[in-house]
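Notes for the one structure printed next.
The values are calculated or read from the model by the stated rules, or taken from the named source; none is laboratory data. Bear in mind that the values here come from a model prediction, so they are computed numbers and not experimental data. Positions of Cβ are backbone-derived with ideal geometry, glycine not excepted, and every protein chain shown enters the neighbour counts. When the accessible area is computed, the model is the full protein with side chains, heavy atoms only, and any ligands, DNA or RNA have been set aside. Shrake-Rupley method; radii C 1.70, N 1.55, O 1.52, S 1.80 Å.
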Amino acid sequence: MRNFLPIFKKELASYFTSPIAYIVYCMFLIIVGYLFYSGISFFSILSFQSLNNPNLAQGLNVTEGVFRPLYLNMGVILLLMMPLLTMRLFAEEKKSGTIELLLTNPIRDVEVLLGKYAACMAVYLVMLLLTALFPAFTTLVGSPEAGPILSSYLGLLLLGASFIAIGTLVSSLTENQIIAAAVTFGILLLLWVISWSASFAGPTWGTLLLHLSATEHFQNFAKGVVDTQDVIYYLNLSVFCLFLTLRSLESKRWRG
Amino acid sequence: MIEVEGLTKYYGPSRAIENVTFSVNRGEVLGFLGPNGSGKTTTMRILTCFMPATRGSVRVAGHDVFRNPLEVKKNIGYLPENVPLYTDMTVRGFLNFFAEIKGVEKGTRKARIDEVMANCGVEDVGDKLISKLSKGYRQRVGLAQALLNNPPVLILDEPTTGLDPRQIIEIRELIRRLSGEKTVILCTHILPEVEMLCGRVLIINEGTVVAEDTPENLTTGLQRSHRIHLQVEGPAAEVAASLEEVPGVLRVKQSSPPSSGPHSYDLEVDKSDEARKALARMIVNRGWGLLEMRTIDLSLEDVFVKLVTTENGG
Ligand SMILES: Nc1ncnc2c1ncn2[C@@H]1O[C@H](COP(=O)(O)OP(=O)(O)OP(=O)(O)O)[C@@H](O)[C@H]1O
Ligand SMILES: [Mg+2]
């Protein structure tokens, strides 16, 4: 693993020299900021109304009312943003031929893979940390509960880890970045909506679909419940995709 | 240093190389010649562990490329065809990245990078982005990358294409300086380059090795006959007729007649020296003036074209 660090540093630097990281940060924060603003505004209107209506006040809670929908929506926005971060990982190197230079140097495939994966995770982690400004800001004016917010972040971290693993796999299968982004988006969207047909798919298929769905597993985290089953789902998905990527790197070389 | 045996590679159903066998000794410079699409790059990619062969074995510095690729890669400096580089990095950043990967000690890294940059003539563009460099400079950066950990084996896939004549000479000088201390495989179409730099030439065509020898042996040994250029003062038709009668002369061709002065003839004679002696004697006996007689060596280019075209025809 001696070569993990140089790859990691190089990949991280190229996220910021090609301004893709800045652009994704910008778009993401603008959208999340807008959702936060409208959530807070709606919540404050409700709060004013509850001054005259004690029944309404009982169910009013800033964590439930603002942050839970916000984090659920962030999951959806990630569907759109993550392919932009992962598409270049291998596709770009294959297109430009630098993969030949890299892999003929004394380095293992697994070092390349983990270096790239970790760099993308780091970019994503910073993005998540930036969104922590919103709950931090809220503590100035209200008192959101720490538990569900922290568990939501854990959920988003795991969700992102699996999304990035999927994107890495797809990027290793093509040399066209647009194709990589489009296919990754398709797969993520499918994982998101796959549970919608669970209710009428019969008991066996229904459970299976629910289990496969990335949404269903995230619901618990947003509620403030950390279930090992959900953690294992995301970890499994990530490791499985990274393993396939490693295989794809090898088989690519078999076929030339 | 490098032993290649029975190397065969198929891309899906199509064959790129078949049963390629050769070896390169320590300190030798091997020219790897072949027309477009003959499988040079494919062979180099297998040697550098970029892709595995369908059949056959390769050992570099005693390590097998399939079993021990990491050790093989440590021993090879590779300049791929078309020189792919990370264009969003500066030259120094790029070299630093690969120095780290090649395991150049942290303490000596900076000194080593300065050294290869000076060797390859890129010291004055160190802080430039690679995307802003000209083709020639990119080539040099690629070469500098290959030299970073001072590997015993260098594999250069067409290192001088796209360079201006001055840069070509500089790169050749560099390769010449490195030869002797390093084992080099030089892939190229440029024949004078091979004649200049390589101790041995291997010609590959349509994926199979068609010749392997020193450039001198290839150009003389492969010829079944000598070509002789004659300039004789005398009646053209008569001279030509008499030349043909000399024993050992296989063919006479009169060069296009000059506007004035003596006529020239191109002869093909068998390899013995007797024919040449007889020719000189005959011309002198007849009282004609023998103004010039020289043997024409086949150039490597002729040999190359000959080998490659006969192969194509057959
Ligand atoms: N990735 C690939 N997939 C399928 N076929 C390939 C691939 N790379 C090369 N080939 C085929 O293999 C053969 C040998 O190609 P190679 O690139 O080794 O030739 P070359 O000798 O390097 O030619 P050039 O002088 O043009 O560089 C060619 O017929 C080529 O079409
Ligand atoms: Mg080639």
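What to note about this one:
- Inter-label distance, nm, simple model (7 Å from Cα along the C-beta direction), A:Phe200/B:Lys135: 6.3 nm
- Counts of other chain beta carbons within 10 angstrom of each beta carbon in peptide B:76-84 average 4.
- Think of each Lys and Arg Cβ as +1 and each Asp and Glu Cβ as -1; about the Cα centre, that makes the dipole of the protein assembly as shown roughly 900 debye.
- Listed values for region A:62-76 are Karplus-derived 3J(HN,Hα) couplings in whole Hz (6.51 cos²θ - 1.76 cosθ + 1.60, θ = phi - 60°), namely 5, 5, 5, x, 10, 7, 4, x, 4, 6, 4, 5, 4, x, 5, and x replaces Gly and Pro.
- Listed pairs B:Lys9/B:Lys106; B:Lys182/B:Lys271; A:Lys10/B:Lys9; A:Lys116/B:Lys74; A:Lys116/B:Lys40; A:Lys95/B:Lys102 exceeding 29 Å between Cα atoms: B:Lys9/B:Lys106; B:Lys182/B:Lys271; A:Lys10/B:Lys9; A:Lys116/B:Lys40
- In order along region A:31-39, phi translates into HN-Hα couplings of 5, 5, x, 5, 5, 4, 4, 5, x Hz, rounded to whole numbers, per the Karplus curve 6.51 cos²θ - 1.76 cosθ + 1.60 with θ = phi - 60° and x for Gly and Pro.
- For the protein assembly as shown, the convex hull drawn through the C-alpha positions has a volume of 217 cubic angstrom per residue.
- Gain upon complete extension [A:Asn176, A:Val110; 0.36 nm per residue less C-alpha separation]: 21.6 nm
- The mean of 1/r over all pairs of different alpha-carbon atoms in region B:1-115, once inverted, gives a Kirkwood hydrodynamic radius of 16.0 Å.
- Between helix A:177-193 and chain A: long-axis angle, C-alpha atoms, 0 to 90°, nearest 10: 40 degrees
- Label separation (A:Leu208 vs A:Leu133): 4.5 nm, computed from points 7 Å beyond Cα along the C-beta direction.
- Heavy-atom accessible area per residue - region A:4-255, 1.4 Å, Å²: 46 Å²
- Measuring between their Cα centroids, region B:1-43 and region B:89-103 lie 29 Å from each other.
- For chain B, a Kirkwood hydrodynamic radius built from all Cα pairs, placed in the Stokes-Einstein relation at 20 °C and 1.002 mPa s, yields a translational diffusion coefficient of 96 µm²/s.
- Each of A:Cys26, A:Leu210, A:Ser197 was placed along the dipole of region A:4-255 (beta-carbon charges, centred on the mean Cα), and the one lying farthest toward the positive end is A:Cys26.
- For B:Val210, the residues 5 or more places off, or on other chains, whose built amide H falls under 5 Å of its own are B:Ile203, B:Ile204, B:Asn205.
- Packing rank of B:22-33, B:205-216, A:44-55, where each peptide gets the mean count of other beta carbons within 10 Å, highest leading: B:22-33, B:205-216, A:44-55
- Taking 15 Å as the cut-off, the amide N atoms of region A:23-38 that come nearer than this to a point 7 Å along the Cα-to-beta-carbon line of A:Ile45 belong to A:35-38.
- Computed from the C-beta positions of B:Asp302 and B:Asp273, the FRET efficiency with R₀ = 30 Å rounds to 0.85.
- Taking the alpha carbon gyration tensor of region B:47-114, multiplying each eigenvalue by 5 and rooting it gives semi-axes of 27, 16, 8 Å, largest first.
- Cβ-Cβ distance of B:Arg15 and B:Met196, R₀ of 45 Å, FRET efficiency by 1/(1 + (r/R0)^6): the value works out to about 0.90.
- Only helical runs count toward this figure. For chain B, summing -39,500 (n - 2.57) over DSSP H runs of n ≥ 4 and dividing by all residues gives -11000 deg cm²/dmol at 222 nm.
- Cβ-Cβ distance of A:Gln229 and B:Lys106, R₀ of 45 Å, FRET efficiency by 1/(1 + (r/R0)^6): the value works out to about 0.50.
- Length, then width, then depth: along the principal axes, the Cα atoms of region A:4-255 run 72, 47, 28 Å.
- Degrees separating the helix A:109-131 axis from the principal Cα axis of chain A, which is the longest one: 20 degrees
- Over region A:92-214, the reciprocal of the mean inverse Cα-Cα separation, the Kirkwood hydrodynamic radius, stands at 17.5 Å.
- Under 17 Å from the Cα of B:Lys135 - lysines, other chains or at least 8 residues apart: none
- The protein assembly as shown, accessible surface, carbon-and-sulfur percent (1.4 angstrom probe): 59 percent
- Taking 7 Å steps out from each Cα toward its Cβ at A:Tyr25 and B:Glu216 produces label points 6.6 nm apart.
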